[in-house]
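Below: the structure, in structure tokens.
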Amino acid sequence: MPLLGGHLLLRPLEGLEAQERHSDIGAPTSNEGDTQLALVDRGRKLSVHAQELYRKSVGGLLSDVKRLAPAGAQVESQDLGGIQAALIVPSEPIDQGNDTLLLLSAYTQTADGLVQRVDFVANHAAVLNVAGCTPLAKTLAQSLAGGTRKVDLSAGQRKFSNHHLKVPADVVMSTERGPDFTVYHFYPVVPLGAPSGEALIYIGGFPEPFDPNGTAVSAPALGAKRVWRERVIEKQEGGTTVQSFTRRTVVTLAQGRSADLFVDSRDETLYHTLASMLETTR
């Protein structure tokens, strides 16, 4: 059974079926970046949620995952179907709200070096009434294997709508299609646990209202000089001040459409890399 567009494979289980997920803007999420499966039986539900993290392990997968594991959880190294994996098994299921209990998480590393996370969750009815719920999840996790889909990590030109841009190495492009718009996401591949960021280009008729706040910057976009708005946003997380660097411009296109170009990153160097990438749009 393919996960993440075939980047991973999972052994089929009778009744386990793909579930359509929607992004914050209402479009179905690409199954290349996010896949959810569910098995529902008389009110009991077991789900599998796979995510492409756009991360690489630099200190060894097991060591990196141990740093991410909650206190008291067991972390196990696995060699599965030609890929490396590290399983986080909590001492007891973790209540995530909305009648969802996390049974275990599997971090996998495919041949291209990318790391994925696959969560195995159940509702309260399944945990209370099905003996061996966590062992079943672990058996499923141990059936994970590498698939045939390859992720393009090379530098080069990428097309979007009727336009193109130059993408540096280790930036992954993903397309999200809505009923009357398309969003092109660009995810930089960073070490597991490191701050990351994202650039996106929305093409459609209803961009978000343009916020005039921030510093006005003149820089190229879609082949001409544009006014971008840069902001540094600070907020508190766990008693620590975290900075987010953002840049945005909106360009009017033909036929009532607009191009909304946006960068957001917690790493300033990465922010400038992504901003420079969007300046190559033509």
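The values are calculated or read from the model by the stated rules, or taken from the named source; none is laboratory data. A quick note: this is a predicted structure, and the numbers were derived from the prediction, not measured. A quick note on method: Cβ atoms are made from the backbone with ideal geometry, for glycine too, and the neighbour counts reach across all protein chains shown.
Structure values in brief
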{"quantity": "Residues of region 90-101 satisfying the condition of being in a strand (DSSP E or B) and either buried (at least 19 other Cβ atoms within 10 Å of the Cβ) or not aliphatic (A, V, I, L, M) (or both)", "calculated": "Asp95, Leu101"}
{"quantity": "Region 28-59 - residue that is small (Gly, Ala, Ser) and part of a loop (DSSP other than H, G, I, E, B) and, of those, nearest to the chain's Cα centre (by Cα)", "calculated": "Gly33"}
{"quantity": "Tally of residues being out of contact with any Asp or Glu (no Cβ under 9 Å at 6 or more places or on another chain) and touching a residue at least 12 places away in the same chain (Cβ under 8 Å) across region 234-256", "calculated": "2"}
{"quantity": "Lone unmet requirement of (1) among the polar types (S, T, N, Q); (2) buried (at least 16 other Cβ atoms within 10 Å of the Cβ); (3) assigned to a strand (DSSP E or B) for Thr281", "calculated": "(3)"}
{"quantity": "Long-range neighbours under 6 Å by Cβ, at least six apart or interchain, first residue at pLDDT 95 or above and surrounded by fewer than 18 Cβ atoms within 10 Å (Cβ to Cβ) within region 131-159, second of a type in the set (Lys, Arg) and in a strand (DSSP E or B)", "calculated": "Gln157/Lys166"}
{"quantity": "Out of Glu198, Glu268, sole residue that is without any contact (Cβ under 8 Å) to a residue 40 or more places away in the chain, surrounded by fewer than 19 Cβ atoms within 10 Å (Cβ to Cβ) and not hydrophobic (A, V, I, L, M, F, W, C)", "calculated": "Glu268"}
{"quantity": "Test: residue in region 209-222 that is within 23 Å of the chain's Cα centre (by Cα) and not in a strand (DSSP E or B)", "calculated": "no"}
{"quantity": "Residue within region 131-150 that is among the small types (Gly, Ala, Ser), on the phi > 0 side of the Ramachandran plot and not assigned by TED's automatic domain parsing to the domain that holds His49 present", "calculated": "no"}
{"quantity": "Meets criteria (under 21 Å from Thr280 (Cα atoms), crowded, with 19+ Cβ neighbours inside 10 Å and either assigned by TED's automatic domain parsing to the domain that holds Thr175 or out of contact with any Leu (no Cβ under 8 Å at 6 or more places or on another chain) (or both)) for Gly223", "calculated": "no"}
{"quantity": "Residues (farther than 19 Å from Leu8 by Cβ and in a strand (DSSP E or B)) located in region 65-88", "calculated": "Gln74, Val75"}
{"quantity": "Unique residue being modelled with pLDDT under 95 and not in a strand (DSSP E or B) when the list is Leu62, Leu13", "calculated": "Leu13"}
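Here is a yes/no grid of residues against (1) touching a helix residue (DSSP H, G or I) at 6+ places or on another chain (Cβ under 9 Å); (2) in the same structural domain as Ala199 (by TED's automatic domain parsing); (3) within 23 Å of His163 (Cα to Cα); (4) at pLDDT 95 or above:
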| residue | (1), (2), (3), (4) |
| --- | --- |
| Thr240 | no, yes, no, no |
| Arg247 | yes, yes, yes, yes |
| Leu253 | no, yes, yes, yes |
| Gly256 | no, yes, yes, no |
| Phe262 | yes, yes, yes, yes |
| Leu270 | no, yes, no, yes |
| Leu274 | no, yes, yes, yes |
